[in-house]
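Structure first, commentary second.
Laboratory data are not the source of any read-out in this text; all were calculated from the coordinates shown. Note that the structure is predicted; figures quoted are calculated from it, not measured. Note: ideal-geometry Cβ built from the backbone for every residue, glycine included; neighbour counts use all protein chains shown.
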Amino acid sequence: MTPNNKDDLSLQIINKSLEFGASLAGIANVTELKKSPSHIIAQKIPGFLSTGTKQVEDKKQGEIHWPDNAKSAVVIAVEHPLGEPDMDWWLMGSKGGTKGNAKLIAVFSKLADWLEKEKQIPYIKLAYHIEHGAVFMKDAAVLGGLGCIGKNNILVTPRFGSRIRLRVMLLDVDLPSTGILNFDPCPDCKEYCRKACPQKAFDKKIYSGQEYGLNELPGRTGVYSRDKCKLQMEKNEANGKDVDIEGSDKKRREIRYCRICEMACPVGKSS
Ligand code: SF4
Ligand code: SF4
């Protein structure tokens, strides 16, 4: 495939993702993704377990099991608008866990169908947890040109701030990354995200560039504490409630995980 054909295919994949319901989409090259900050640091950070990771027998924490044929990654984002907090509420036993995840799954299901039928490109389904074969989605999103990693340690996009959720699909076709954006709202910001954290998860420097051989550290400057954030998640889980489900006489557990550092970010709120 020539570089022009690759660019054309990337554009088609991005446009199809948007047509199928994604709010943003991009492509990350897997060779570059393997060298991205989260993928490097994950295996070096002790006690990497958090709400988004699981301990799996015989597998090292943070270790990625890249499929041999994975050459590029499609990354999509779905907006979680300010007025629709229920998109993020975790409902035990429901498809995808949240309404936002269900939407991401639906977009990828249509995209996978289109890739196979119209383009004869095999896709590789990804697990959600790293130890089961997932990848760090925020790094894929940066390479794909969706945004940058903010001082809140999550992706910040120009249009939706951090109020988005991501999903990644790997492809057996070698496409170049479609990022990186020339966008960084954090240096001139009053750090509303960090100040708002109820667990003070950004108050202390924990990681140094010297120790990990990296300039891009958790929370940008090495101040983000997974352990403190995890305490909040556990609190949220303990405060979960059994709620009624439409069309069913059974109740389900609903958990509203903390989004304070995400919601405090002013980026994209005026649009
Ligand atoms: S999710 Fe909540 S507890 Fe975790 S870092 Fe953000 S504000 Fe702090
Ligand atoms: S609140 Fe400010 S410092 Fe925090 S992520 Fe948003 S722009 Fe960056």
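Return K241, K151 ranked ascending by Cβ neighbour count within 10 Å, so the fewest neighbours appear first. Please list the in-between numbers first.
Details: K241 10, K151 22.
Listed from fewest to most nearby Cβ atoms, that is K241, K151.
Using 7 Å Cα-to-Cβ label points, what is the M1/D227 separation (nm, one decimal)?
Between M1 and D227, the label points sit 4.5 nm apart.
Within 10 Å of each residue's Cβ, count the other Cβ atoms and sort S270, S225 from fewest upward. Could you put the intermediate results ahead of the total?
Numbers: S270 5, S225 20.
By the 10 Å Cβ count, ascending: S270, S225.
Sorted by packing (mean other beta-carbon atoms within 10 Å per residue), highest first, where do 246-252, 192-198 land?
Numbers: 246-252: 8.3, 192-198: 17.9.
My ranking of the peptides, most packed first, is 192-198, 246-252.
Rounded to the nearest Å, what's the spacing between the alpha carbon centres of region 76-111 and region 150-218? Just the number, please.
Each part's Cα centre sits 21 Å from the other's.
What percent does the relative contact order of the chain come to when contacts are Cα pairs within less than 8 Å and at least six residues apart?
Values: 500 pairs, mean separation 62.4, N = 271.
RCO, the chain: 23 percent.
So what are the ³J(HN,Hα) numbers for region 10-21, from phi and the Karplus equation (6.51, -1.76, 1.60; θ = phi - 60°), rounded to whole Hz, Gly and Pro as x?
4, 4, 4, 5, 5, 5, 5, 4, 5, 4, 7, x
Please list, by residue number, everything in region 228-271 whose backbone N is under 16 Å from a paramagnetic label point 7 Å out along Cα→Cβ of K200.
228-232
Per DSSP H run of at least 4 residues, take -39500 (n - 2.57); add these up for the chain, divide by its residues and hand me the 222 nm value, nearest 500 deg cm²/dmol. It would help to have the intermediate numbers written out before the result.
Numbers: 9 runs with 82 residues, N = 271.
Here the helix-only value at 222 nm equals -8500 deg cm²/dmol.
Give the Rg (one decimal place) followed by the Dmax (whole number) of region 3-263, computed from C-alpha coordinates and expressed in Å.
Using the Cα atoms of region 3-263, the pair Rg, Dmax is 18.4, 57 Å.
Using r as the Cβ-Cβ distance of N69 and E246, and R0 as 41 Å, what FRET efficiency do you calculate, to the nearest 0.05? Can you show the working numbers first?
Numbers: r = 41 Å, r/R0 = 1.01.
So, using R0 = 41 Å, E works out to roughly 0.50.
Work out, step by step, the length gained on full extension between R256 and A238: first 0.36 nm times the residue separation, then minus their alpha carbon distance; give nm to one decimal. Don't skip to the answer; put the middle values down first.
On the way: separation 18, 0.36 × 18 = 6.48 nm, distance 1.03 nm.
Net length gain for the segment: 5.5 nm.
How much net charge surrounds N239 when only the other residues with a Cβ under 13 Å from the Cβ of N239 are counted, with Lys and Arg +1 and Asp and Glu -1?
Working: positive: K235, K241, R253, R256; negative: E234, E237, D242, E254.
My count for the surroundings of N239 gives 0.
Across region 93-106, in residue order, what do the Karplus-derived ³J(HN,Hα) couplings come to in whole Hz, using 6.51 cos²θ - 1.76 cosθ + 1.60 with θ = phi - 60° and x for Gly and Pro?
Working through the residues one at a time gives x, 8, 4, x, x, 10, 5, x, 5, 4, 5, 4, 4, 5 Hz.
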